[in-house]
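J.: Just dropping this structure here.
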Amino acid sequence: MPTSSRRGGHPATLDAVASDIRAAGGQAEVAVVDALEGQAVTEHVRAVVDGFGSLDVSFNLISRGDVQGVPLLGMATADVTRPALNGLTSGVITTRAAARRMSTQASGVILGSVRE
């Protein structure tokens, strides 16, 4: 189940990937979840388990909100620190939610990535 931060995922792209997975005989659903909202992430994990029976892989592809195309001298301090804080915060929230479930089922893999 793909998740994304409040910067927004690309639902059409996610839907296309899910469609390819289903066409190949697999199961896939798409959900865009605010990875900075702990309750939303916890509810999403619960929905995955309710729908599929377990949470086997968590792949965190999280948009951090990086500022692009602006020289450093033109950036506010928050433009530099916000992406680092968003990345760290959303990574902890999503990893913790997945780990809670995976520890009770004694299996699972957590992968992480960030994108601009």
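Read-outs: derived from the displayed coordinates by stated rules, not from any lab. Small disclaimer: the values here were computed from a predicted structure and weren't measured. Glycine also receives a Cβ, built like all others from the backbone with ideal geometry; neighbour counts cover every protein chain displayed.
J.: For the chain, set up a Gaussian network in which alpha carbons nearer than 10 Å are linked by springs, and say which option among 93, 62, 21 fluctuates the most.
T.: Greatest mean-square fluctuation among the candidates belongs to 21.
J.: With Cα extents along the principal axes in Å as the read-out, I listed [x] 34, 30, 23; [y] 54, 34, 19; [z] 50, 31, 20; which label goes with the value calculated from this structure?
T.: Computed from the coordinates, Cα extents along the principal axes in Å corresponds to [z].
J.: Right, another one. Expressed as an acute angle from 0 to 90° and rounded to the nearest 10, what is the orientation of the C-alpha long axis of helix 77-105 relative to the principal long axis of the chain?
T.: 10 degrees
J.: Take each of the peptides 29-39, 72-82, average the number of other beta-carbon atoms within 10 Å over its residues, and list them starting from the highest.
T.: Working: 29-39: 17.5, 72-82: 10.3.
For the peptides 29-39, 72-82, the packing ranking is 29-39, 72-82.
J.: Put a dot 7 Å past each Cα toward the Cβ at residue 103 and residue 70; how far apart are the dots in nm?
T.: Spacing of the two 7 Å Cα→Cβ label points: 3.8 nm.
J.: Follow-up question, since we're still on this one. Given the DSSP H assignment, sum -39500 (n - 2.57) over each helix run of at least 4 residues in the chain and divide by its residue total; what's the result at 222 nm in deg cm²/dmol, nearest 500?
T.: Values: 3 runs with 57 residues, N = 116.
Value at 222 nm, helices only: -17000 deg cm²/dmol.
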